[in-house]
1. Longest exposed-loop-site-free stretch of the chain, with GluC sites (Glu not before Pro), DSSP loop and at most 10 other Cβ within 10 Å?
2. Using the heavy atoms of the protein chains alone and a 1.4 angstrom probe, what is the accessible area of region 62-174 per residue in square angstrom?
3. Over the chain, with every protein chain in place, what whole percent of the accessible area is carbon and sulfur at 1.4 Å, could you tell me?
4. Per residue, how much accessible area does region 215-369 have with a 1.4 Å probe, in Å²?
5. Whole percent per 5 Å bin, from 0 to the bin with the longest distance: what is P(r) over all C-alpha pairs of region 315-371?
6. Summing +1 for each Lys or Arg and -1 for each Asp or Glu, what net charge is found among the other residues whose Cβ lies under 10 Å from the Cβ of Ile313?
7. Can you tell me, using C-alpha contacts under 8 Å and at least 6 residues apart, the relative contact order of region 52-151 as a whole percent?
8. Quick one: what Rg and Dmax do you get for region 98-230 from the alpha carbons, in Å?
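The values are calculated or read from the model by the stated rules, or taken from the named source; none is laboratory data. Nothing here was measured: the structure is a model prediction, and the numbers come from that model. Please note: Cβ atoms are built from the backbone with ideal geometry, for glycine as well, and neighbour counts cover all protein chains shown. Note: accessible area is taken over every heavy atom of the protein model, side chains too, but ligands, DNA and RNA are not part of it. Shrake-Rupley method; radii C 1.70, N 1.55, O 1.52, S 1.80 Å.
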Amino acid sequence: MKQICFLLVALLLTGCAAVPQPSIPVPEEDASAATTVLPTETEAPDPIQQLLESMTIEQRVGQLFLARCDAGTALRDIPAYHLGGLVLFARDFENQTPDSLRQVLSEYQQAAQTPLLLAVDEEGGTVTRISRYPAFRSQSFPSPRDAFASGGLVQALTNEEEKCQLLKSLGINVNLGPVCDISTDPGGFMYQRSLGQDADTTADFVSGTVRVMNAYSIGSVLKHFPGYGNNADTHTGLAVDSRSLEELEQTDLIPFAAGMEAGCGAVLVSHTIVQALDEEAPASLSPSVHQYLRQTMGYDGVILTDDLSMQAITDRYGSGQAAVLAVQAGNDLLCATDYAVQYEAVLQAVLEGHIDFDALNVSVTRVLKWKQTLGLLG
């Protein structure tokens, strides 16, 4: 298997040479030739559009939530809130075996009317939800930084492929990675989780990882847009990035652009206040940041928030208010621990017209298309 991994990674690194195409002569128009009118073919109905139209407003709102559920309430809450997906944490793997976990996740999927995104943070190093347990892997995955230090890009991408194989075998369809951040300060929160290389090398790692994940139909999530840099931990409070947009574009945004070009599944937006784009609002709640991502960078895939229960959000906003602001800013998925309150707040905002119904449909369509790409919708 490791030989297969190495071969796939090698192909991703070297790329495939373009096959020359034969030149096809274009005949000159013959004015005297009779014009043949072909019968119009009936276009096949769009399955995503059909699925969307079959959903109630409540079901559509539920698709916006990537919820952090407890095992004891998941089977009840998945259908009750029509959840789009779940985020699995270490506690979901503790005391489990691969067989028992597969059974649990299968039950989750059976409880859902629309197949779930089942996501996990399996970065390696300090962030391992699965491989920390010997039942799933003999050793925890190393961080990308340590993997690169031991064997360069080949080793880093080989590890990413092994992660995909593990997740696929368990029924998990999204890994919340790769980390695109560039951190140079050992005291920075993201330092150990970053690749530890310059922007171009990080971009190669990110694009290679996305291609590996696509090959296994594991959803990739670029994080933490627009670049965490050397900032403080938003889990515990506010972080402000005062760098210029020019500096961000010359460094931090390069890996994100590479991941988007490689065909990433989603982009996760951080809670850092990035003053070059919005002096007041956290990036996750900022329409300006989302406008930059959509219009300037040309990204049209799924955008999701970092967890809305982090203190950078809860210190300033109420739970329901944060969820509504996140949707209004342009997020398609909300990473939510307090999903019960936030679902009701978003639903009410839609019914009262504070969230545009057409915008809701666009976001749900993006989520459904991602699920289709991952093979979840048949």
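1. Longest stretch, sites excluded: 44-279.
2. With the other protein chains kept in place, region 62-174 gives 38 Å² per residue.
3. On the way: 8840 of 17250 Å².
The C+S portion of the solvent-accessible surface of the chain is 51 percent.
4. 36 Å²
5. Taking all Cα pairs of region 315-371, the binned fractions are 4, 20, 30, 26, 15, 4, 1 percent.
6. Neighbourhood net charge equals -2.
7. On the way: 132 pairs, mean separation 22.9, N = 100.
Normalised by residue count, the contact order of region 52-151 is 23 percent.
8. Rg then Dmax for region 98-230, in Å: 15.1, 46.
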